[in-house]
Amino acid sequence: MVIQRKHNTGYILRICAIAALGGILFGYDTAVISGAIESLKIYFQLTPAETGWAVSNVVIGCVAGAFCAGSVAARWGRKKALMLAAVLFTISAVGASLAHTFTLFVIFRIIGGVAVGLAATVSPMYMSEVSPKDMRGRALSMQQFAIVFGQILIFYVNYKIASIATEQWLVEMGWRWMFASGVLPCVLFCILVLFIPESPRWCAMTGRDEQALTLLSRLSNPTHAAHVLAEIKESLRKDAQQHSARLSLRDGKVRFILFVGAMIAVLQQVTGVNVMMYYAPVVLKEVTGNAEAAMFQTIWIGVVQLVGSVIGASLMDRMGRLPLMRTGTAGAIIGLLITSYGLYTQNSGYVALCGMLFFMTFYALSWGVGTWVLISEVFPNRMRAQGMSLAVGAMWIVNFMVSQSFPMLNDHPYLFSHFHGAFPMWVFAVLCVFSFWFISRYVPETKGVSLEKMDDVILAKRDRRPLSARQHRAAQDTSKSASS
């Protein structure tokens, strides 16, 4: 008897790693501005309002890219959408580094934002569709791992460029090299994305059954591939019978699934993770007493986040999504309270720093990793492209709102004089408590559930009804050989 392999694990992880390069560029492109903004302000003689626009304009592109990603990925395929993102990343890196007017700089940064929005939506979408259900959490965790790695990489590149240059050279040329350094990973992504296959689920949804079967066979084995393809086609047939192949907000089921997916993405942004980056340089300078040393040690905030992401990736498929999300949210609340104590008592040195590191660790292993896993899983096949587009678009809108509102809240004369910067941390702690309640009430456990069976699991959570043992076995696939 010939024993067929269960999955081609090495091949699956390789193609997911290539797709995750979009995440590295995501982190690289959004974080590069942190080291360049002071030089840009002097070179272009920016007003305070223009300085804010130099930082935030990329988010406008991110929102546009995320909202366009669903239609692009649905019409042209996941692979071609990633190829488009790779080209836009390259254009942005080259254009921003060569820009001689502020207007041109902003245009190329917005182009980079569109690429980020595309990659942030399509990369996890692709990984969810090529990964078997019993390793989907591990594969999708690569997205957060890649984003954090990209941030750490550019933090280090910015530091090295700044450490060997004079202030005048940084103003004239240094910031250009910071943006130009992104060309190398962009070109690498452009080349490698050519070698990944198209998503077999997209092929099945567009009538390319033979191609889908070939791709699924390469991911596992012919027997399993035939089972999964039949399951996909059955899921699409049911959708067509229910006239729900097209999304309609009149359908209560569609509204609920979109609500859950979008809220998961939105709640990631109100945990306070981006705000921690505002405090990191201030706190580290307080500890070290040296601005250059503080800039170097800011890298360690990213390193801690990377460690947390690795822990989350290793536990996601073992521990399950919900236990990990609850544990991480509780840890994030404790970290925020420690940080707020250090700020409130004006002991903003090691106490606040320890709180920040504690927060970043627990955020990374839960919301950092779990958000990308969950929003890639909760949407059924018929609405995954549009659903993820909406969720990631909402994520960027809230990111923009938090980034813009935090300085006003933190610098409010009354609040700062009475609470010394602790008040925003209390606000985020309360929002984390709400997030804990939301995931417990509305988010289902998706560990081991095939994408084609996701509807039953999500709608059971909506109706507050537990799945029967038979339904649970069906959702996790009764065939031990079929694991997709």
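The values are calculated or read from the model by the stated rules, or taken from the named source; none is laboratory data. These numbers were taken from a predicted model, which means no experiment stands behind them. Backbone-built Cβ (ideal geometry, glycine too); neighbour counts: all protein chains shown. Just so you know, the surface numbers come from the protein's heavy atoms only, side chains and all, with ligands and any DNA or RNA stripped out. Shrake-Rupley method; radii C 1.70, N 1.55, O 1.52, S 1.80 Å.
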A careful count of residues in the stretch 45-66 that are open to solvent by less than 10 Å² (accessible area, probe 1.4 Å) and either at pLDDT below 85 or farther than 16 Å from THR121 by Cβ (or both) gives 2
Among PRO424, PRO444, PRO413, the single one that is open to solvent by less than 40 Å² (accessible area, probe 1.4 Å), over 30 Å from HIS227 (Cβ atoms) and assigned by the TED database to the domain that holds TRP372 is PRO424
Answer yes or no as to whether GLY35 is closer than 30 Å to LYS160 by Cβ, in a helix (DSSP H, G or I) and open to solvent by less than 10 Å² (accessible area, probe 1.4 Å).
no
Across (1) modelled with pLDDT of 85 or more; (2) touching an Asp or Glu at 6+ places or on another chain (Cβ under 6 Å), GLY349 clears everything bar (1)
Return a yes/no flag: does the stretch 158-171 have any residue that is in contact (Cβ under 8 Å) with a residue 12 or more places away in the chain and open to solvent by less than 10 Å² (accessible area, probe 1.4 Å).
yes
Reported set for the stretch 102-139 where residues are under 18 Å from GLY61 (Cβ atoms), touching a residue at least 40 places away in the same chain (Cβ under 8 Å) and open to solvent by 10 Å² or more (accessible area, probe 1.4 Å) is PHE102, VAL106, ILE110, ILE111, VAL114
Checked against (1) over 24 Å from VAL157 (Cα atoms); (2) surrounded by 20 or more Cβ atoms within 10 Å (Cβ to Cβ), GLY27 satisfies every condition except (1)
Pairing a residue in the stretch 200-219 that is under 19 Å from ALA385 (Cβ atoms) with any residue that is among the charged types (D, E, K, R) and open to solvent by less than 20 Å² (accessible area, probe 1.4 Å), where Cβ atoms lie under 6 Å and the two sit 6 or more apart in sequence or on different chains, gives ARG201/GLU129; TRP202/ARG78
Could we say that THR298 is outside the structural domain of VAL32 (by the TED database) and modelled with pLDDT of 85 or more here?
no
Next on the checklist: Just to be sure before I move on: is VAL72 open to solvent by 10 Å² or more (accessible area, probe 1.4 Å), assigned to a helix (DSSP H, G or I), hydrophobic (A, V, I, L, M, F, W, C) and modelled with pLDDT under 95 in the structure I sent?
Outcome noted: yes
